[in-house]
Amino acid sequence: MKPLSKPTDLVQGTLDLLILKTVALEPMHGWAVAQRIRQMSGDVLQVGQGALYPSLHKLEQNGWIESEWAVSENNRRAKYYTLTKAGRKAMESEAAQWERLSAAISLIVGTA
Amino acid sequence: MGAVVGGNLPDCRDGVMSMRWMTVIRMRIRALFFRAELEQELDEELRYHLDREVEEGMAAGMSPKDARYAAMRAVKEIEQRKEECRDMRGLNAIDHMAQDFRYAVRQLRKNPAFACTAIFVLALGISSTVAIFGFVEAALIKPLPYRDQSRLVAAFASSPGAPRSWLSYPDFADWKKLNQVFRSIDAYALNGSFTLNTWDGAEQVGGTRVSAGFFRTLGVTPFLGRDFQSGEDSAGAPRTVVLSYTAWQKRFGGKRDVLGRAIMLNGNPTVVIGVLPAHFQFAPYGGAEFWATLRGTDSCEQHRDCRNLIAIARLKDGVSIDAASANMRSVAQQLRSQYPEANRFFGSANLVPLRDFIVGDVRPVLLILLSGASLLLLIACVNVTTLLLARSDSRQREIAMRGALGASSSRLLHQFATEGFVLAAAGCIAGLVFAQWGMGLLMALVPAEKLESMPYLRGLGLNSVTVAFACGISLLAGMTFAVIPMARTSLAGMLEGLKEGTRGSAGTTWRRFGSILVVIEVALAMVLMVCAGLLGQSLYQMLHLDVGFQADHLAYFQTSWAPGKYETDQQIVRLGREMTERIATLPGVLSVGLSTAPPVDSAWGTASFHIAGRLAVSGEENEVINRQVSAGYLRTLQARLWRGRYFSEAEDTAKPHVVIINRTLAGKYFAGEDPTGKQIYYDGGPRTLMQIVGVVDDIKEGPLEDPNWPVLYVPVNQNPLVWPALLVRTSGGEAALFPRVTGAIHGLDPFITVSPGQTMTERINQSPSAYLRRSAASLTGGFAAAALLLGVVGFYGVVAYAVGQRTREMGVRMALGAQRSTVYRLILGEAGRLTAIGVVLGIGGSLAATTMLRSLLFGVRFWDPATLIAVAGVLGGSALLASYLPARRAASVNPVEALRTE
């Protein structure tokens, strides 16, 4: 499948949701988050660091994820992000919102 | 339901919320104070990412160098990324704000003349508003220091002529029994003093008598000891007294063993049982030191028609004041049908919220002053805005330069906003300092005895409410300063400023703006000046009112004594005669008179009468003021006799009863006839006929602003008078006489108390009506003067600026042959036009504003043309003067130089 061309195609709020979803699996550093999103979307969604890091910092500033320095799989210090309780709540409500929205869009696109 | 794609994540609610906020706050604090650490982390995080990219490239078979290049390409512009991350953390906002702040302060310091003027003008406006607001807060906003004070009411008997009349003791007892709407009702007596025996004779001390539950109704607990128990106000109970905190400190050295001690109060041994807390206040008796109990035993309290109490009641829960009033009116009606003689006038009741009763008469003045101060603040803001506009104009090039160097327009607007707020904040701080000082000054100007009746002003000063108010108005001012230059600086044309010679067009826009501001300033100053003028005239009219007597060289003393020694009519009449004789022989005394009350008092002590030989219409009430006076009284006042004669000393109960009436009474009841020789009798009681022997011109018995009431004067020798007011006519200064009069009376009986002497002139000047107007007039006058000054300075600034902008135009005009007079005409004409518009708007505004003043105006119409013309003249003259200087400068321009400068 052809990847969506630019990370900016990902609407900001959607990227937030993807990050929250990804971090929800386990604590992860920024690079891993980008990799994981790419893998899970079957290479369709490529998140460049240009969008990724500002998003991470904003989410942390909002108190939805928190960060911690830890040793990474390649034995280097990396900043790991974890989902907070507030972040989980936010993620759930945002996911529900997304489901509703995408269902609505498929209804229209499907019938056309 | 719609959903917004990419909208921000919704806030979460519930308990998580507070936790989240704590995180957020922690993050912000970290962002603010641990910059270096954060920067380093950011750097490391992004480098880690870069390294992983490189590793990945190498794993895919690239050379380390190629992999590094590839990664760098992917991670383009790493610094920009960092900046974006910083933005997300809110670091930049803080940075920019700090930068803007520093820049704003530097801008102000670079131009100290501008900064000082703007801050001073602003501080003037803010401080006057805040100082007056301090008084408003203390009197009208801060709750009275009683428990649940909104449920307290003052209860009055009400007659058609006097809606707030006092209650008699028997009526009070019945109100207490019959009402269904009060949780409790208590009363205090109106004679506000006691005779306290001291080591050397007797002293008159402030205090009053209250019913036993008085302090409980107010919800006040004594600081020491206890308050009155129920039943302690009955006739047989031992006499007890509660001290005010001040009395305890002053007279008993603040010693706790004062409880249980007996003092001699009004000649009776009375036991001290408690001390009130220091913060206790009761405005109607602000200076009361001794609080004893009503006992229902003194001569007045045994009569239903002797009214000397005011009741304070606490409404039952859920009962509205209207419902309570309805209930009390029916109680009063019931009592009137039960006691038709004593309660003939008082078939109704009147409940007033306690706060209204206490601060009712200062409220309109305070609100007017607050409006005046707000107008001044408005003028100050307009003034500072013109200054800012002028500056923003001269900064066009600087702004354009900064824009060209890459400052975004929002960044420039922030810069302006910050400057506005810095200015407002500085004005606020200076204003608070001035306000604190101003409040102290105003308090010092209030005479001590006035202050006693306004205990709620105690401890006036800056508090959280006034400071919050100051910050609020400063914020508003700051917003104005921020917004207006923004609107002015058209950012589209930002670059235009770089070009030479475009200042002309910028000046035009600005001039239009400036003209509008100047017109507003003139109009506002006009409103304030008209109000001040009218109030000043009211005060003048009031003080120069014909009071019907000669006020200078006239002294007034009030006497009182404890019951027991002077009880029979003969004793009282003899005491009056002896006092008169003793004082009359003092050197410097021309004559002496006794009366129920001095002139310019309140219109109390009324009676009703009928005219003999005329059919009395049933239900007709001829309520008039009744004054018992000595034979020498009217002569001492130098009242003007209109018909007939004065009383003679020999007219006593053995002679036919006589009466003197005033002209208002004559006009009302004997229109077109000669009243002398006619006979009248009091309504109720024995129908003793009194012959009218004289008519005097109206003497002002009630408050100065009230119309003259009909008055009956009857001789004390036929109607014995307890506790007479003494009026003494002197040949020289009154003050020298005060101790001698007191001495003469104490020579007669040391246990008669005499109030400190007061000159009649002082009494008129200090009477509540005159005092109210004087304070209103002088403060509004101060505001008006400040407004005029600010207005003129603002006017000068605008015209001077406009002239500066048009220097080249003037040069061209003169080069083409214009005369200097043409230049004068041009500029003065423009200034005149603006002033005229401002004055016309000001007249409209004044008419609207002065309708508010009506309750305070006296002897002058609210649209008084003389005041309007005078104020318009002063304003117009000042405005022309302010524009003359710039006009002269313009006219003296050297055309050659003017053309060369641009």
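The values are calculated or read from the model by the stated rules, or taken from the named source; none is laboratory data. Since this is a predicted model, take the numbers as computed values, not measurements. Methodologically, a virtual Cβ is constructed for each residue, glycine included, from the backbone with ideal geometry; neighbour enumeration extends over all protein chains shown.
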Expected single match for more than 9 Å from every other protein chain (Cβ to nearest Cβ) and closer than 24 Å to B:Thr23 by Cβ among A:Ala86, A:Ala70 is A:Ala70
Across region A:11-59, the tally of residues that are crowded, with 22+ Cβ neighbours inside 10 Å and at pLDDT below 80 stands at 2
Could you say which residue among B:Leu190, B:Leu167, B:Leu140 is at pLDDT below 90 and either of a type in the set (Val, Ile, Thr) or surrounded by 20 or more Cβ atoms within 10 Å (Cβ to Cβ) (or both)?
-> B:Leu167
List the number of the failed condition for A:Tyr80; all other conditions in (1) facing another protein chain (nearest Cβ under 10 Å); (2) part of a strand (DSSP E or B); (3) under 17 Å from B:Arg47 (Cα atoms) hold.
-> (1)
Subset of region B:449-483 (residues that are closer than 19 Å to B:Val359 by Cβ and of a type in the set (A, V, I, L, M, F, W, C)) | B:Leu451, B:Met454, B:Leu457, B:Leu460, B:Val465, B:Phe469
Flag if B:Arg81 is within 14 Å of A:Gly50 (Cβ to Cβ) and facing chain A (nearest Cβ under 8 Å) = yes
For region B:677-733, please list each of the strands (runs of 3 or more DSSP E) lying entirely inside it that holds at least 2 residues being closer than 13 Å to B:Leu594 by Cα.
-> B:711-715, B:725-730
Out of B:Ser630, B:Ser602, B:Ser608, which single residue is under 22 Å from B:Asp749 (Cα atoms) and touching a residue at least 12 places away in the same chain (Cβ under 8 Å)?
-> B:Ser630
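Residue-wise test of (1) of a type in the set (Val, Ile, Thr); (2) modelled with pLDDT of 90 or more.
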site	(1), (2)
B:Ile745	yes, yes
B:Pro750	no, no
B:Val754	yes, no
B:Tyr771	no, no
B:Ala776	no, no
Any hit, region B:472-489, residues being basic (Lys, Arg) and in a loop (DSSP other than H, G, I, E, B) = no
Would you call B:Asp51 more than 30 Å from A:Ser102 (Cα to Cα), more than 11 Å from chain A (Cβ to nearest Cβ) and modelled with pLDDT of 75 or more?
-> no
Verdict on A:Leu20 being in contact with a Phe, Trp or Tyr (Cβ under 8 Å, 6 or more places away or on another chain), touching a residue at least 60 places away in the same chain (Cβ under 8 Å), part of a helix (DSSP H, G or I) and within 11 Å of another protein chain (Cβ to nearest Cβ) = yes
Select from region A:39-55 the residues that are in a helix (DSSP H, G or I) and either more than 8 Å from chain B (Cβ to nearest Cβ) or over 17 Å from A:Lys79 (Cβ atoms) (or both) and list them in ascending order.
-> A:Gln39, A:Met40, A:Gly50, A:Ala51, A:Leu52
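Is one or more of the residues making up region B:176-188 of a type in the set (Phe, Trp, Tyr) and farther than 25 Å from B:Arg329 by Cα?
Taking region B:176-188 first, the residues of a type in the set (Phe, Trp, Tyr) are B:182, B:188.
Among the residues that remain, those that are also farther than 25 Å from B:Arg329 by Cα are: none.
Checking region B:176-188: not a single residue is of a type in the set (Phe, Trp, Tyr) and farther than 25 Å from B:Arg329 by Cα.
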Determine if region B:833-844 includes at least one residue that is at pLDDT 80 or above, crowded, with 16+ Cβ neighbours inside 10 Å and among the charged types (D, E, K, R).
-> no
Regarding A:Gln61, is this residue within 11 Å of another protein chain (Cβ to nearest Cβ) and in contact with a Gly (Cβ under 8 Å, 6 or more places away or on another chain)?
-> yes
Residues being more than 9 Å from chain B (Cβ to nearest Cβ) and either more than 17 Å from A:Lys21 (Cβ to Cβ) or not in a helix (DSSP H, G or I) (or both): count how many of those fall in region A:89-104.
-> 1
Could you grab me the full set of residues in region B:221-248 that are part of a helix (DSSP H, G or I) and crowded, with 18+ Cβ neighbours inside 10 Å?
-> B:Tyr245, B:Ala247, B:Trp248
Counting only residues that are without any contact (Cβ under 8 Å) to a residue 12 or more places away in the chain and under 18 Å from B:Val365 (Cβ atoms), how many does region B:836-862 have?
-> 2
Answer yes or no: is there a residue in region B:90-112 that is at the interface with chain A (Cβ under 9 Å from one of its Cβ atoms) and either at positive phi or more than 43 Å from the chain's Cα centre (by Cα) (or both).
-> yes
Please report, ordered by residue number, the helices (runs of 4 or more DSSP H) entirely within region B:763-879 with at least 1 residues that are under 19 Å from B:Leu376 (Cβ atoms) and aliphatic (A, V, I, L, M).
-> B:768-805, B:820-853
Whichever residue in region B:707-737 is surrounded by fewer than 18 Cβ atoms within 10 Å (Cβ to Cβ), more than 28 Å from B:Lys655 (Cα to Cα) and among the hydrophobic types (A, V, I, L, M, F, W, C) and, among such residues, is farthest from the chain's Cα centre (by Cα) | B:Ala736
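Looking only at residues that are among the small types (Gly, Ala, Ser) and buried (at least 17 other Cβ atoms within 10 Å of the Cβ) in region A:83-112, which one is nearest to B:Glu44 (Cα to Cα)?
If we take residues in region A:83-112 being among the small types (Gly, Ala, Ser) and buried (at least 17 other Cβ atoms within 10 Å of the Cβ), then A:Gly87 is nearest to B:Glu44 (Cα to Cα).
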Do we find a residue being surrounded by fewer than 21 Cβ atoms within 10 Å (Cβ to Cβ) and within 16 Å of the chain's Cα centre (by Cα) anywhere in region B:371-383?
-> yes
